[in-house]
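We did not get these values from a lab; they are worked out from the coordinates using the rules stated. In this text, all values refer to a predicted model and were calculated from it rather than measured experimentally. Ideal geometry is used to build each Cβ from the backbone, glycine not excepted, and the neighbour counts take in all protein chains shown.
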Amino acid sequence: MAASAVEILRQQLRDQFPQAHGLRTSPAPSPLLEKPFSVDSFPIGAISEVLPAGPSAGLALFMAGLLDESESANSLPQLVLIDGADAFDPNSFPGDACSKLVWVRCTSALEMLKAADLLVHDGNMPFVLLDSTGVKRQDLNALPAAAWWRMKQAVERTGLRLVVLATSPLVPCASLRVSLSAGLSLADFDRAQAELLPRVHASPNQLRRAT
Amino acid sequence: MFAALCLQDFLIIAALRNHAMEGAYPCAVLEAGPASTSREKLSLLATNPAARIAGIRSGWPLHRALVRCPDLRILSRDPAAEAILRNELFLIAESLAADVELTAPDAVIVDLSGRSSPVTAALDRLTLAGATIHHARALTPDLAHLASRHPATRGKMISPADLAPLPFSVLDLLAAGHPSGKLLKSWGLRTLGDFMELPRQAVTERLGPDVGTWHDLLHGKTCRLLRLHRPPESFGQGVDFDDPLVSLDPLVFALKRLLHTLAGRLASRHLAASCLEIRLVLTSGAEWMRRVRLPEPQTAVEGMLSPLQTLIDSLKPAAPIAALRLDVETTFATAAQREWFGRQLPQPERWAETLAKLDALLGHGRVGIPAPGDSFAPDAFVLHPAAGAPSAAPNSTAHPACPVPLHRFRPPREVAVAHELRNRKPWPLALLTGPHPGEITDRRGPFPISGDWWNPDASWQRLEWDIQLMSHQLLRLVFQTPNRWTLEGIYR
C-alpha cells in the first residue's frame, strides 16, 4: 500500500515537474556498433564514452569519420568539439570537414567541463564531442563525479548526444561505452583515409549501472 | 520632368580644395599611371580655366603641356576631396527633391515630377563653394543629362529638337568606347541632329540595338526609372559619462537605453541588427572593443542585450569607463518561414548568448569554425566566427597529406633525441626524454619543409618525421637547426 502511494506521488511529481525528471528512457546499447562514424550510433539524450583499446586505436580517425559522415548540404555546423587540451589540428582535415564543426579550445579540465556545461544547457547543437584525451589524468580525476551526473540530467533534458573521448573510463554515468581499435602502424600512412576507416572497430563495453 | 546638375572641371575643383592658392595659376590634374611609365608621358585628366586660356587641353601628355606652359601646376587626384564634393552636390540636389540619382561622379539627376513650386529660380540660385553648378531640364533623365553637358543647352528646359544642333561628340557620354560610336563618326555625322534624322529601323539593323536605344533616347521616346541613391545611414550612438563608471551595472543601464533607441530606429526602417559593435573608452585613453555577431537578425532589445550583457559581466576594465559607443550592422529582418529540409538553430538568440559566455570563459578567439591555413607553416589555421554568416568558412576540397589526423601538442614539447648523421642530415634513433621516451622502431621521413625564405627575419626550415616507438606509439618528430628536437603531436 505504502509502495503504491510512493509510486502515485512520484507519478504526480513527474506530471507536475516534467523538466525536473527529464526523459528517463534508458537507451539499450547495441551489441556492436556497425557504423561507428554515424551520429545515429550514439543514443539521444545520453552521454556516451569512446575509449581507445591501444596506443594507436584510431581516435582521430573516428573524428575524421564523424565529420566525413555528417551532412554537408547544411550550412550550419553539425557538431561542437570541446577540445580539452587544445589539440585539434585543422590542417589534418579537409576544409569542408572542418566547416562542419565548432571548435571550442580549452586549456584545462575545468574549462572543458564548464564549456561542456554551457553547450549542453544551450541545446542548439545536436552533437557535442568532448575530447579529454590530452588532459592530464590527475586533472580529470579531480573533477567531481557529481558534475557528470548533473551533465547527464542536462543532456537528458535537452535531448542531445554527448560523446566523451577519453583514454580511460571517465564518466561514471555513461550510457554507452565503446572501445575503439584500429592497430595503426606507420605502414598505414601510405594508404588513403578511406581505406583506413573500415579498420576502426568499435565494440561496446559492459557497463555497471549505478541506477 | 527631370533636372540634371553637373560640375564642370570636377576633378580639378576637388584637387584645388586643398591647394586654394594654386587656383589662380594654370593647373592640371595628372592621371595615375604605372610606376614604370615616365611621368612626362602621362596624360592630363582635367585642366582649370587658367590652363585652358594658356591653350592646354585635357588629354594632352604632360611634356607637351609643359612645353606650352612651363608654369603649369601639376596636381594629383584627391579621392577624399572628390567624395566630399560629390556628397555636397548630392545634398544640393536633395534640397530640390527627394529622388536623386548619382548618374556620374560629377553629375546628378533629380526627379522634379513631385514638385509643385516653380523650379527655375531655385535651380539658378544653386551655389557650391569654388564651383559652378550647370543644370538643364527635360522630360526624360537622359535628355536632361546630355543637355547639362553643353553650354548651348544649359540653364533651360529643352526638347529633343533643342539637342539637334549639338556636336555629335556629346553622344560620347553614352557611347564612350562603343565601336558603333566611332563608326557613326566615320559616316560623316557632325551633329546630334544628323544622327536623329537617320531612319531608326535601318540604323538598328546595321549597327545593333544599342544604337537604336540612343536614337530613341535622343527623340525622347524612352524615360527610364532613376537609380535612386540612398546614402549609407549610421546607427552609431554614444554616451559620454559625466562621472567615469567604476562598476558595470550603470554601464548595462546605459547600454539598455541605447538599445531601446536603436530598436526604435531599426523598426522604423524595417531593418534588423546582424552585428553589434561595442566600444568602451577608458579614462586611461585605452579602448576596449568587441563585435558580437548575432546568429539571426534581431530587432528586440532583449535579443540584443543578452549577449552584450554576458560580455560586460565578464569584463574587468583596467580603468574607469569614460564613454560608451555602440554601432550596428544592419540587415533585413527575416520574414521567410523556416526551411523544411535544412537544419536551423532551435534557439538562435540563446546560441549567441552561449557563444558570448564561452568567449568570456575561454578568452577572445577561442571558439569558432576552423579552417586550414593558407601556408605550410606549422599549425597555420584560421578560426571563423561561429555565429552569423555561415558562408564565412570557405569550403576547400584539398586533402591533408597524412591520412591519420594529428593530435597536436600546443606548444610543441621539447625532447632530447639520440641520433646519427646520414647524408649530412640527422637521423633519429630514440627519444631520450619527454612524455614518450623509447626506441624508434620505424620512421617516415625526413620531410624537409621551409617557408618565408624571402624574408630573412621570418624564414624557417625544418625536418619532419613520423615515427613509431617500441611501445607502438605514433608521433610526429621535428628537427630544427641548430639542434632542437620537438614532438609536434601524436597519432592516436
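To the nearest whole number, what is the average tally of beta carbon atoms from other chains within 10 Å of the beta carbons of peptide A:179-187?
3
Which of B:Y491, B:Y25 comes first, and how do the rest follow, when ranked by fewest Cβ neighbours within 10 Å?
Sorted ascending by nearby Cβ count, the order is B:Y25, B:Y491.
From the residues B:A136, B:A202, A:G65, which one has its Cα farthest along the dipole of the protein assembly as shown in the positive direction, the dipole being from +1 and -1 charges on Cβ of Lys/Arg and Asp/Glu about the Cα centre?
B:A202
What does the convex hull of the Cα atoms come to per residue for the protein assembly as shown, in Å³? Can you show the working numbers first?
On the way: hull volume 207.2 nm³, N = 703.
Convex hull volume per residue, Cα atoms: 295 Å³.
About its Cα centre, how strong a charge dipole does region B:105-222 have in debye, to the nearest 20, once Lys and Arg get +1 and Asp and Glu get -1 at the Cβ?
180 debye
How much net charge surrounds B:T204 when only other residues with a Cβ under 15 Å from its Cβ are counted (Lys, Arg +1; Asp, Glu -1)?
Result for the local shell: -1.
Taking the Cα centre of region B:407-491 as the origin, how large is its charge dipole in debye, to the nearest 20, when only Lys and Arg (+1) and Asp and Glu (-1) carry charge on their Cβ atoms? Numbers along the way, then the final one.
Details: 11 positive and 9 negative charges, 10 e Å.
For this selection, approximately 40 debye.
I need B:M21, A:M112 ordered by Cβ neighbour count within 10 Å, fewest first.
B:M21, A:M112
How would B:C6, B:C223 line up from fewest to most surrounding beta-carbon atoms within 10 angstrom? If you can, show how the numbers build up before the last one.
Details: B:C6 23, B:C223 13.
Final ranking by Cβ density, sparse to dense: B:C223, B:C6.
Per 0.36 nm of contour for each residue apart, how much would the distance between B:E40 and B:A20 grow if the chain were fully extended, relative to their Cα-Cα spacing?
Computed gain between B:E40 and B:A20 is 4.7 nm.
Taking the dipole about the Cα centre of the protein assembly as shown, with the C-beta of Lys and Arg at +1 and of Asp and Glu at -1, give me whichever of B:A20, A:V178, B:L282 is farthest to the positive side.
Result: B:A20.
For B:K357, list the lysines whose Cα falls under 22 Å from its own Cα; do not include residues on the same chain fewer than 8 positions away.
By straight Cα distance, B:K357 reaches A:K100, A:K114, A:K152, B:K256, B:K316.
Report, as an integer, the average count of C-beta atoms from other chains found within 10 Å of each Cβ along B:123-133. Please report the intermediate quantities before stating the final value.
Numbers: counts 0, 0, 0, 0, 0, 0, 0, 0, 0, 0, 0.
Mean shielding count: 0.
For the pair B:L66/B:A104, report the inter-label distance in nm, with labels modelled 7 Å from Cα in the Cβ direction.
Taking the simple label geometry, B:L66 and B:A104 are separated by 3.0 nm.
Using a Förster radius of 35 Å, what is the FRET efficiency between B:A286 and B:Q347 based on their Cβ-Cβ separation? Nearest 0.05, please.
E between B:A286 and B:Q347, to the nearest 0.05, is 0.50.
Let me know the charge dipole size of region A:119-200 about its Cα centre in debye, to the nearest 20, where only the beta-carbon of Lys, Arg (+1) and Asp, Glu (-1) is charged.
320 debye
Per-residue mean of other chain beta-carbon atoms within 10 angstrom of the beta-carbon, peptide B:354-366?
Other-chain Cβ atoms within 10 Å of each residue's Cβ, averaged: 5.
Spin-label point model (7 Å from Cα, Cβ direction): what's the B:E197 to B:Q237 distance in nm?
Distance between the two pseudo-spin positions: 6.7 nm.
What net charge is computed for the residues neighbouring A:R150, neighbours being all others with C-beta under 14 Å from the C-beta of A:R150, Lys and Arg scored +1, Asp and Glu -1?
+1
Please work out the FRET efficiency for the pair B:V252 and A:S108, using the Cβ-Cβ distance as r and a Förster radius of 22 Å; give the result to the nearest 0.05.
0.15
To the nearest Å, what is the center-to-center distance of region A:132-170 and region B:218-296, using C-alpha atoms only?
Centre-to-centre distance over Cα atoms comes out at 42 Å.
With each label point set 7 Å from Cα along the Cα-Cβ vector, what nm distance links A:R150 and B:M157?
With each label point 7 Å from Cα toward Cβ, the separation is 8.0 nm.
If you add up the charges near B:L383, with Lys and Arg at +1 and Asp and Glu at -1, over every other residue whose beta carbon is less than 9 angstrom from its beta carbon, what do you get? Don't jump to the answer; show the numbers that get you there.
Values: positive: A:R105, B:R366; negative: none.
Result for the neighbourhood of B:L383: +2.
Just to be sure I understand: of the beta bridges DSSP finds with both ends in region A:33-204, what percent are antiparallel, rounded to 5? Walk me through the numbers before you get to the answer.
Values: 4 of 29 bridges.
Approximately 15 percent, going by the DSSP bridge assignments.
If you average over every viewing direction, what projected area does the convex hull of the Cα atoms of region A:127-211 give, in nm²?
7.2 nm²
Using the reciprocal of the averaged 1/r over all distinct C-alpha pairs, how large is the Kirkwood radius of chain B in Å?
Its Kirkwood hydrodynamic radius stands at 30.1 Å.
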